[in-house]
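The values are calculated or read from the model by the stated rules, or taken from the named source; none is laboratory data. Computed from a prediction, not measured in an experiment: that's the story for all the values here. Cβ placement follows ideal geometry from the backbone for every residue including glycine, while neighbour counts extend to all protein chains displayed.
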Amino acid sequence: MTKSELQHRMQVAAAIAEAAAALAWQMRANGLAETTFKGAQDFLTEADGATETFIRARLAQHFPDDAIIGEEQGGVAVGDGPVWILDPIDGTSNFSRGSDRWCVSIGMARGGRAVLGAIARYAPAEVFVGAEGCGATLNGQPIRPATTTDMRRAIIEVGWSMRRPLAAFHDLSQRAMAAGAGLRVGGSGTLGLVESAVGRLDGYIERHINSWDACAAVAIAREAGCWINGFDQGDWIGEGNPIGIGAPGLAAQLSALMEA
């Protein structure tokens, strides 16, 4: 796939993500964010399903031969061709409670690698995009991770997942704090990851995250120049993986935390 083709896909994905974020926000304003649960601490609203349906329809209009995998409606990757991997609302628990810490995430993988991402927020109005060889931007301006080199000056988000024992989260958090880092837990893995790409955080680490939460952010962070732990390997699309993204000056220290 040429650079111009990737740029075109990135632009289309960004426009769709921005429109989807506006749709989700409007549905919430209209009272369609009442919460149901897929499992313990696994929130779902009517807006999640409607937003994913909207994104799928728009992607299919532009790229009818591509596979699509979404958090709510599933899907499978076919061969090494392009596969869109999306989360219609990441941070649903925040979304359902009226918080603005949520986003729409549209990623694309090709040949088993995350190569493109578009992440949109409604308020504040932010669109993060990146594609392999095309750079990474926030609202059209180039982004770079923080220049931090000392964990004692770092702010790290530690993700929490019901797919791993609670002790694994406690252990990772304690290791980060013992290294001197200040901790954050924001309720949206996608935002934690992409905010590491723009330097608002110095890193994001988690023992397990699904592909729809991370694909777009990984592609963006890689283009921004972040350290990444190698998330997109093995059966990451179907099964997820541990993830670490952060400032390149903290690469060795973050890697050591992830390996412990």
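Structure data summary
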item: Scope segment 161-185; condition more than 17 Å from L254 (Cα to Cα), of a type in the set (G, A, S) and either part of a helix (DSSP H, G or I) or modelled with pLDDT of 90 or more (or both); matching residues; result: A167
item: Selection status of G199, at pLDDT 95 or above and part of a helix (DSSP H, G or I); result: no
item: Segment 150-188 - residue that is among the hydrophobic types (A, V, I, L, M, F, W, C) and free of Cβ contacts under 8 Å to residues at least 24 places away in the same chain and, of those, farthest from W102 (Cα to Cα); result: A178
item: Index of the failed condition, D213 passing every other in (1) touching a Pro at 6+ places or on another chain (Cβ under 8 Å); (2) closer than 15 Å to S105 by Cβ; result: (1)
item: Filter result (within 17 Å of R9 (Cα to Cα) and not hydrophobic (A, V, I, L, M, F, W, C)) within segment 81-113; result: G81, P82, S105, G107, R110, G111, R113
item: Members of segment 101-112 found to be surrounded by fewer than 21 Cβ atoms within 10 Å (Cβ to Cβ) and either part of a strand (DSSP E or B) or in contact with a Gly (Cβ under 7 Å, 6 or more places away or on another chain) (or both), listed by number; result: R101, R110
item: Scan of segment 89-108 for residues that are farther than 22 Å from G234 by Cβ and over 11 Å from the mean Cα position of the chain (by Cα), ordered by number; result: T92, S93, N94, F95, S96, R97, G98, S99, D100, R101
item: Matching residues in segment 82-92 - criterion: being more than 19 Å from A57 (Cα to Cα) and part of a loop (DSSP other than H, G, I, E, B); result: G91
item: Meets criteria (in the same structural domain as V218 (by TED's automatic domain parsing), in a strand (DSSP E or B) and among the hydrophobic types (A, V, I, L, M, F, W, C)) for I156; result: yes
item: Some residue of segment 218-228 being surrounded by fewer than 18 Cβ atoms within 10 Å (Cβ to Cβ), outside the structural domain of V104 (by TED's automatic domain parsing), closer than 24 Å to N139 by Cα and of a type outside the set (D, E); result: yes
item: Complete set of residues in segment 113-135 that are crowded, with 22+ Cβ neighbours inside 10 Å and either more than 12 Å from W102 (Cβ to Cβ) or among the basic types (K, R) (or both); result: A114, V115, L116, G117, A118, R121, F128, V129, G130, A131
item: Pick from segment 234-260, criterion assigned to a loop (DSSP other than H, G, I, E, B) and touching a Ser or Thr at 6+ places or on another chain (Cβ under 7 Å), ranking: nearest to G112 (Cα to Cα); result: G240
item: Matching residues, segment 229-260, being more than 28 Å from A178 (Cβ to Cβ) and surrounded by 24 or more Cβ atoms within 10 Å (Cβ to Cβ); result: W236
item: Residues within segment 173-194 that are out of contact with any helix residue (DSSP H, G or I) (no Cβ under 7 Å at 6 or more places or on another chain) and surrounded by 22 or more Cβ atoms within 10 Å (Cβ to Cβ), tallied; result: 2
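Condition check ((1) at pLDDT below 85; (2) under 27 Å from G140 (Cα atoms); (3) outside the structural domain of R121 (by TED's automatic domain parsing); (4) not polar (S, T, N, Q)) across all residues:
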residue	(1), (2), (3), (4)
Q11	no, yes, no, no
A15	no, yes, no, yes
F43	yes, no, no, yes
G49	no, no, no, yes
R56	no, yes, no, yes
A60	no, yes, no, yes
A67	no, no, no, yes
V83	no, yes, no, yes
I89	no, yes, no, yes
